[in-house]
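What follows is one structure encoded as C-alpha cells, with my remarks underneath.
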Amino acid sequence: MTDVLDPEVQPAASTADATWWRQASVYQIYPRSFADADGDGIGDLPGVTERVPYMASLGVEAVWLSPFYPSALADGGYDVDDYRDVDPRLGTLDDFDAMVAALHGAGIRVIVDVVPNHTSDRHAWFREALAAPAGSPARDRYVFRDGSGPDRAEPPADWVSIFGGPAWTAVGDGQWYLHNFAKEQPDLNWANREVRDDFLHTLRFWSDRGVDGFRIDVAHGLAKDLPEGPLPTWAEVLASPKDGQHILWDRDDVHEIYAEWRKVFDEYTPARTAVAEAWVAADRRARYASAEGLGQAFNFDLLEADFDAAQFRTIIEFNLGLAEQSGSSTTWVFSNHDVVRHATRYALPARNGAEEKQGSAWLLAGGSQDDLDRDLGLRRARAATLLELALPGSAYLYQGEELGLHEVGDIPDAERQDPAFFRNPGVDVGRDGCRVPIPWTRQGSSFGFGAGGSHLPQPAWFADSSVEAEDADPDSTLNLYRKALGLRGQLQSEEHLEWLETGRDDVLAFRRPNGWTSVTVFGDEPYDLPSGELLLASAPVADGALSGVGTAWLRS
Ligand code: GLC
C-alpha cells in the first residue's frame, strides 16, 4: 500500500489519561489458547509476557484477558474457583505482576475478566454451602430452593439453563441450587451483603496490582428476584417482559451493585474502567454504560449482522446515537471467544434475517472448510475490520482475527471441551472452534504455541495463517492490522462521523472530523474513490478505484 503514515508511531500511553478507554483498541486474549511458555499444552501468563513485543507491534492500546483464575474448566475458565489467584497451570501471582509490568512497559493497558454471576462448584463458598444445612448463611450466598414433589425429588421449577438442560441441580438433602449456565457454575445470591463485599474486595485486589479495567461477565444477570413460594414455570419466565422487573435478567436493581463498584473504580487514579457484557435490548444498554455504573457496555450488533451495507449503516447510526445518550463511547466487536470467527461467518451464505446464530448450521453439518468460501470470507473480514477501526468508539479484537483465522469447525467430538456441546447434543456444537490455540510458526509442535502440543487440535491450514508466515508477507492480514492500528492511533479524533453520499447502496463512506475518510465496498463492483491521500486499503486499488469487497482509508 502506498503512502502509509508511519505505523511505528504508537499512541501515547499516558497513565494519567482517564479517558483512554473511550476509543481504545483492545485485544482479547484467551489465555489458555494464546501462548504456552511451560509446554504443558495449555497457554499461560508467562506465554503472554513473552508475546508482549508482538502485541506492541500490533499497536493495540489494551489487552483484555479472559479468566486465568483457578478453574476446573467446566466452562473454559468462566467457572472460577478463586477470584483472587492464578490457576497454577497458568502461572502465579508473581507471573501476573510480571505480565502487567511488561504490558505497561510497552504502553499497553490491562483489562481482566470478572465473573460475578456465578462461582464454580469448587469455590470455597460452594463447598461450604454443600456441607451446611438448608437455611444456613453458607447456603444464602447462592440460590437454593427446596425441590418439589414427594421427597422434594423434583426440581423447584422446570427452568432451562443457557447451555441447555435443567437450570436446577439437587444436592441430596431435598434442596436444589440454581445455575443459569453449567451445573458447575452455581449462581450467586447478590442480595447477600457478604457476596457484594467480597467482589468489592476482588476489584480492589486486582486494581491494587495495577489492572486498568474490568470486563464484567453476564453483567445483566446478577440481580434476581425469586419469590419464596412456588416459582413461575419456564414458559412464564420466558414470556415475562424484560422491563427491568424480570425475575432473572436485566433488573433495574442490578445497577445498585454497579453504583457501588463505580465508587471503587473511582478510588484509583486514573479511575479503573469497566465494560459490561450485557445481552439486553439495545435501548437498555445505556444504564450499564453510564458514568455512574460500569462506564461502557458491549454492543454486539455488528457481530450479529450480515456483511451488508444497509445493516451496517443502521447499526452504526443507532449505536452512535445511544453513546451520545449515555455519555459513554460505543464498542465494536466482530469476534470473541463465544462466536464463530467473523472470517468464517462471512464465508457462509447470508442469513437474511433468520434468527439462528451465524455459523451454527455449518458447524452442525460438520464444519468443513470445503463448505466455506474462505477467500470471500477473509476479504469481507478485512474490509469489515478496517471499517470498524475507523469508527468512533472502542474496538475489541479477538486473538487470531489479526491473522484472518477461520473457525476450526471440524474438531472431533471426543476432543471438544465446551459444555454447550455436551449439554445440547445435536443442537449446539459449542465454541471450541474459535478457541483453538493460535499458530505462531509455520511448523513445529503446535505451530509454535508451545512444546507440549495443543489442548485443542490445530488444522494443517494454520501453517499459512501463522504469525511467522504473515509477518513475512507485506500484504498479509497481520500487516494490514498493524498498519491500520498504527494509523488509527494517529488519526483518532472526536467521536463523530459524517456520512458521505456514495451514489451506491452497497458502498458506505464516512468522514471523521479531522478529514479521515473510510470507504467500504460491500458488493463486487469497483468504486471510484473520492479525492484525498490514500492511506491504506484492505483490497487492491487500481486507477483510483477500490476493488469490490474492500475498505480504503483516505485523508482529505
Ligand atoms: C459469558 C462468557 C461465556 C461464558 C458465560 C458464562 O457469556 O463470555 O464464555 O460461558 O458468560 O460465564
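Exactly one residue out of SER328, SER335 is touching a Gly at 6+ places or on another chain (Cβ under 9 Å), among the hydroxyl-bearing types (Ser, Thr, Tyr) and more than 22 Å from ALA309 (Cβ to Cβ), and it is SER328. Taking ASP151, is it away from the ligand (no atom under 16 Å from the Cβ), over 33 Å from the mean Cα position of the chain (by Cα) and part of a helix (DSSP H, G or I)? Considered against the rule, which asks whether it is away from the ligand (no atom under 16 Å from the Cβ), over 33 Å from the mean Cα position of the chain (by Cα) and part of a helix (DSSP H, G or I), ASP151 comes out as yes. Of the residues making up region 264-309, those that are within 13 Å of the chain's Cα centre (by Cα) and of a type in the set (Phe, Trp, Tyr) are TRP279, PHE298, PHE300. Contact map, region 313-333: residues that are free of Cβ contacts under 8 Å to residues at least 12 places away in the same chain paired with residues that are crowded, with 22+ Cβ neighbours inside 10 Å, Cβ distance under 6 Å, separation 6+ or inter-chain. No pairs are found.
Looking only at residues of region 63-94 that are among the aliphatic types (A, V, I, L, M) and open to solvent by 10 Å² or more (accessible area, probe 1.4 Å), we find that the one that is farthest from the ligand (Cβ to nearest atom) is LEU93.
The number of residues in region 273-331 being within 18 Å of ALA24 (Cα to Cα), modelled with pLDDT of 95 or more, part of a helix (DSSP H, G or I) and open to solvent by 10 Å² or more (accessible area, probe 1.4 Å) comes to 1.
Looking only at residues of region 201-218 that are more than 16 Å from the ligand (Cβ to nearest atom) and among the aromatic types (Phe, Trp, Tyr), we find that the one that is surrounded by the fewest Cβ atoms within 10 Å (Cβ to Cβ) is PHE205. Hey, does region 107-117 have a residue that's out of contact with any strand residue (DSSP E or B) (no Cβ under 7 Å at 6 or more places or on another chain), surrounded by fewer than 21 Cβ atoms within 10 Å (Cβ to Cβ) and not assigned by TED's automatic domain parsing to the domain that holds ILE162? Yes, some residue in region 107-117 is out of contact with any strand residue (DSSP E or B) (no Cβ under 7 Å at 6 or more places or on another chain), surrounded by fewer than 21 Cβ atoms within 10 Å (Cβ to Cβ) and not assigned by TED's automatic domain parsing to the domain that holds ILE162.
Scanning region 419-435 for residues that are within 11 Å of the ligand (Cβ to nearest atom) and under 16 Å from the mean Cα position of the chain (by Cα) yields GLY430, ARG431, CYS434, ARG435. Entry remark, region 514-556: residues being among the polar types (S, T, N, Q), part of a strand (DSSP E or B) and farther than 18 Å from GLY503 by Cβ number 0 in total.
Beta carbons closer than 7 Å, at least 6 apart along the sequence or on distinct chains, never pair a first residue in region 401-426 that is basic (Lys, Arg) with a second that is open to solvent by 30 Å² or more (accessible area, probe 1.4 Å) and away from the ligand (no atom under 16 Å from the Cβ). Just one residue in the set ARG152, ARG141, ARG109 is among the basic types (Lys, Arg) and under 30 Å from TRP20 (Cα atoms); that residue is ARG109. Selection of helices (runs of 4 or more DSSP H) fully inside region 333-422 by the criterion of at least 3 residues being of a type in the set (D, E, K, R) and open to solvent by 10 Å² or more (accessible area, probe 1.4 Å) returns 374-390.
Does at least one position in region 250-263 carry a residue that is open to solvent by 10 Å² or more (accessible area, probe 1.4 Å) and within 16 Å of the ligand (Cβ to nearest atom)? Give the steps one after another, and end with the answer.
Start the filter on region 250-263 by keeping residues that are open to solvent by 10 Å² or more (accessible area, probe 1.4 Å), which leaves 251-253, 255-256, 259-260, 262-263.
Remaining after also requiring within 16 Å of the ligand (Cβ to nearest atom): none.
No, region 250-263 contains no residue that is open to solvent by 10 Å² or more (accessible area, probe 1.4 Å) and within 16 Å of the ligand (Cβ to nearest atom).
Just to verify a result, which residue in region 168-199, among those that are surrounded by fewer than 19 Cβ atoms within 10 Å (Cβ to Cβ) and among the acidic types (Asp, Glu), is nearest to the ligand (Cβ to nearest atom)? Filtering first and then ranking leaves ASP198.
For VAL143, are the conditions met, namely being within 16 Å of the ligand (Cβ to nearest atom), surrounded by 17 or more Cβ atoms within 10 Å (Cβ to Cβ) and farther than 30 Å from TYR27 by Cα? Full working, then the answer.
Details: within 16 Å of the ligand (Cβ to nearest atom): yes; surrounded by 17 or more Cβ atoms within 10 Å (Cβ to Cβ): yes; farther than 30 Å from TYR27 by Cα: yes.
Yes, satisfied.
Every condition in (1) at negative phi; (2) touching a residue at least 60 places away in the same chain (Cβ under 8 Å) is met by ALA350 except one, and the failing one is (2).
The values are calculated or read from the model by the stated rules, or taken from the named source; none is laboratory data. Being a predicted model, the structure only gives us computed values, none of them experimental. For neighbour counting, all protein chains shown are included, and Cβ atoms are generated from backbone atoms with ideal geometry for every residue, glycine included. Calculation scope for accessible area: heavy atoms of the full protein, side chains included, ligands and nucleic acids excluded. Shrake-Rupley method; radii C 1.70, N 1.55, O 1.52, S 1.80 Å.
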